[in-house]
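Read the structure below first, then the notes.
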């Protein structure tokens, strides 16, 4: 039996998140069900990131153990033919037997998109805000993020984690066009709800409701109740999960 990493893209609109839910559809359950039918064997599927309900992915990574002797490209084709149109397997790569997609990731990259005007084709994948924003003040907040380690103030409460430390490598707002503003953030790990809470609090700074100094005080206060509201899930996308090349085996 071999272990494989699957790179996955999905539109999260119709799912209650990545993680298997008792009474709601999940991306993980859908893919595992299709894999078991195609491979005709039990498949345990684990993801690198537990994206919330409505969150999308262009580069989620999952691991699965199964017996297989044929062409991985053919298996990828068969799985994509059987999966729903809102889920796609981008590639399948063999990895070391002990490789763990969640714990061996070097970094994860997320993007949060904000539409600055009414964009019908982007309504499922961006949060809309049509008013004025102080982008410079929001960029100042990104500098504060890059110089911080403890993000408890931006984590959902009652989460079972050993610590709230994250090493953020990149954080910036990018004006991709006059109509679209994007928050890009890359870190070794993220806390539950962290990106949406950060984006929501910085949006409050951009609106003038908070200052960058207020943002810094909130971060150091380590109290989620002090931070701004989380922005809607539909604007968030997991873009990429990076691993050391040494975990992969020849195809």
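According to the square roots a ≥ b ≥ c of the eigenvalues of the Cα gyration tensor, what is the shape class of the stretch 160-251, taking rounded for a/c under 1.5, prolate for a/b larger than b/c otherwise, and oblate for the remainder? Oblate is the answer for the stretch 160-251, as a/c is 1.5 or above yet b/c matches or exceeds a/b. Result for the chain in a Gaussian network model with C-alpha springs under 10 Å: among 69, 100, 124, the largest mean-square fluctuation is at 69. Within the listed set 56, 220, 127, the Gaussian network model of the chain (springs between alpha-carbon atoms below 10 Å) gives the highest mean-square fluctuation for 220. Each of the peptides 79-90, 230-241, 184-195 was scored by the mean count of other Cβ atoms within 10 Å over its residues; in descending order, highest first, they stand as 230-241, 184-195, 79-90.
Spin-label pair residue 248-residue 177: with each label point 7 Å from Cα along the Cα-Cβ axis, the two points sit 3.2 nm from one another. Taking 18 Å as the cut-off, the amide N atoms of the stretch 196-232 that come nearer than this to a point 7 Å along the Cα-to-beta-carbon line of residue 50 belong to 196-197. Full extension of the chain between residue 217 and residue 150 yields a length gain of 22.9 nm, computed as 0.36 nm times the residue separation minus the alpha carbon distance. Full extension of the chain segment joining residue 90 with residue 207 gains 38.3 nm, where the gain is 0.36 nm per residue of separation less the Cα-Cα distance. Ordering 159, 201 by the number of other Cβ atoms within 10 Å of each residue's own Cβ, fewest first, gives 159, 201. By the count of neighbouring beta-carbon atoms within 10 Å, fewest first, 3, 167 end up ordered 167, 3.
A simple spin-label model places pseudo-atoms 7 Å from Cα toward Cβ; at residue 21 and residue 97 they are separated by 3.7 nm.
Only DSSP H runs of four or more residues enter the estimate; each adds -39500 (n - 2.57), and after division by the residues of the chain the mean residue ellipticity at 222 nm equals -7500 deg cm²/dmol. Taking 0.36 nm per residue of separation and subtracting the Cα-Cα distance, full extension of the segment from residue 184 to residue 41 would add 47.6 nm.
Annotation for the stretch 74-140 versus the stretch 201-239: alpha-carbon center distance of 21 Å.
Every number here is computed from the coordinates shown, using simple stated rules; none is lab data. Quick caveat, the model's predicted, so the values are computed rather than measured. In this analysis, Cβ positions are derived from the backbone assuming ideal geometry, glycine residues included, and neighbour counts consider all displayed protein chains.
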